[in-house]
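The structure under discussion appears below in the form of structure tokens.
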Number of protein chains: 2
Amino acid sequence: MPSSHQGNVNTESVDNYLKAILALIGPEERRVSSTSLANRLGVAPASVTNMLQKLAASPLPFVEYERHRGVHLSAAGKRRALEVLRHHRLIETFLYEVLDYPLEEVHEEAERLEHFISERFEERIAAKLGHPKFDPHGHCIPAMDGKMPKQNSKPLTDLDEQGSFIVDSVSDRNALLLKQLRAHGIIPGAQLQVANSSPDDFVLRTGSDSKALRLSRDLAGAVRVRPAH
Amino acid sequence: MPSSHQGNVNTESVDNYLKAILALIGPEERRVSSTSLANRLGVAPASVTNMLQKLAASPLPFVEYERHRGVHLSAAGKRRALEVLRHHRLIETFLYEVLDYPLEEVHEEAERLEHFISERFEERIAAKLGHPKFDPHGHCIPAMDGKMPKQNSKPLTDLDEQGSFIVDSVSDRNALLLKQLRAHGIIPGAQLQVANSSPDDFVLRTGSDSKALRLSRDLAGAVRVRPAH
DNA sequence: CTAATAATTTAGGCATGACTAAATATCGTC
DNA sequence: GACGATATTTAGTCATGCCTAAATTATTAG
């Protein structure tokens, strides 16, 4: 029987649903549709409905769900999702800093291990790393109480103006893109001079290199930046 | 669908069966009974039969099994069992050396994580630790090719003679006993002067302490020693 | 060598979490 | 406001890995 804290079942699968919902609600906390969850999780829409019904039916449920109206996290669900996200990002940081993983490989390993580490493991790697605030992709690591500072970065594909920016974060969802970005020196903290931005090509220059780069939309879409103050 | 290398299914559960069989066959490689497996794994005997039949029926099976005659590992099964054991012991060493876990807590965490780490993780922690040969309980860590040097230690409860011994290893199966042993300075490498050995009490003196200790059979049974050369 | 006991296997179920196919709701457009 | 497209849910299956109860096979004592 899988572990539970309060009537809730707490499996790897449930964790993944909660994480996916957290990722999809966005800062405005919209309700999330079954289809978008199914896409994100790589399962059939019917499987999503099934799981959501199960989650919503437990006492102290992790989600609020009404049929045909999408789903949204309860306080307990958000707490759990943030805990798993904290695990994920701490593990990524640990793999990168302590075990010298290449950036593009930390995500997959963290994705597996995040479900199985103990509170002690979490605490120990956090201590070893000096309680980091950001993972190696530049994503913020939720504090133990679930607090996350709000984000003031924008996708590189959404800029209104040209100018000087700092790479805030890079997406961890595609190892290949990540490797290419890294090869161009585009990692969190890097400085970018963003020039022309046509809908399909993003032209810029990095701090380290004097010749201009041209990024595909895919590549640029994996980068978030903030103004170089 | 769970990962597989060669027709074999490769789940946490399967790993645990293989590890348990490996532990129970002993150095003489006896066949293992369903009941002993059931006891070790904490499942019903019928569940064991079920699993063994499934394992034996796959192409390139992990086990050889004939009904009513016990089970034994195939070459592939032994390879897999040793790989998981290597994971387990490397993780224990890592938790102890790098994350400063107390000795008696490494086992439980390793037991969970051993099933989910990648080859890369295994390789990286091994490198970080300088390719250790022994885990913090004093157990030998199988090499990548599965080789294990043979053991020349004996249970403290099985000694023929009194005299001077070195603690070879301590059992990891009971955290409480382990903590008590540690409190008495009985950890791998410690020197022991073994005196009287009645069937129920084991009297000895450690290198570090001048007054004699009296260990219960339970406690003594968790210790293996070798002659102080 | 047989009978009782112990070990093992068979049979039938259950929960989890996926799937497909079919039914039903909702939405956007005319 | 109705209709077709799309999204969602229902219904029915399946594999995994566990369970209990009942049947069967082995072992041991007399």
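Below is a table of values for the structure above.
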{"quantity": "Residues of the stretch A:112-121 classified as among the charged types (D, E, K, R) and surrounded by fewer than 16 Cβ atoms within 10 Å (Cβ to Cβ), total", "calculated": "2"}
{"quantity": "Evaluation of A:Glu66 against (1) open to solvent by 60 Å² or more (accessible area, probe 1.4 Å); (2) more than 16 Å from DNA strand C (Cβ to nearest atom) (one fails), failing number", "calculated": "(2)"}
{"quantity": "Qualifying positions in the stretch A:148-184 - in contact with a Cys (Cβ under 8 Å, 6 or more places away or on another chain) and exposed (fewer than 13 other Cβ atoms within 10 Å of the Cβ)", "calculated": "A:Pro149"}
{"quantity": "Residue ID - farthest from the other protein chains (Cβ to nearest Cβ), chosen from residues in the stretch B:21-55 that are away from DNA strand D (no atom under 12 Å from the Cβ) and either hydroxyl-bearing (Ser, Thr, Tyr) or surrounded by fewer than 16 Cβ atoms within 10 Å (Cβ to Cβ) (or both)", "calculated": "B:Glu28"}
{"quantity": "Residue within the stretch B:2-13 that is touching a helix residue (DSSP H, G or I) at 6+ places or on another chain (Cβ under 6 Å) and open to solvent by less than 80 Å² (accessible area, probe 1.4 Å) present", "calculated": "no"}
{"quantity": "Residue under evaluation B:Val106, criteria (1) hydrophobic (A, V, I, L, M, F, W, C); (2) open to solvent by less than 20 Å² (accessible area, probe 1.4 Å); (3) within 10 Å of another protein chain (Cβ to nearest Cβ), criterion not met", "calculated": "(3)"}
{"quantity": "Count of residues meeting criterion [open to solvent by 20 Å² or more (accessible area, probe 1.4 Å), touching a Leu at 6+ places or on another chain (Cβ under 7 Å) and over 17 Å from A:Leu18 (Cα atoms)] in the stretch A:73-103", "calculated": "2"}
{"quantity": "Any hit, the stretch B:133-153, residues being within 16 Å of DNA strand D (Cβ to nearest atom), without any contact (Cβ under 8 Å) to a residue 12 or more places away in the chain and charged (D, E, K, R)", "calculated": "no"}
{"quantity": "Residues of the stretch B:56-89 satisfying the condition of being within 12 Å of DNA strand D (Cβ to nearest atom) and either within 14 Å of chain A (Cβ to nearest Cβ) or closer than 25 Å to B:Ala143 by Cα (or both)", "calculated": "B:Phe62"}
{"quantity": "Checking A:Arg217 against (1) over 18 Å from A:Lys154 (Cα atoms); (2) touching a residue at least 40 places away in the same chain (Cβ under 8 Å), the condition it does not meet", "calculated": "(1)"}
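The values are calculated or read from the model by the stated rules, or taken from the named source; none is laboratory data. Just so we're clear, the structure is a prediction, and the values are computed from it rather than from any experiment. No Cβ is skipped: glycine too gets one built from the backbone with ideal geometry, and neighbour counts run over all protein chains shown. Only protein heavy atoms, including side chains, enter the accessible area calculation; ligands, DNA and RNA are left aside. Shrake-Rupley method; radii C 1.70, N 1.55, O 1.52, S 1.80 Å.
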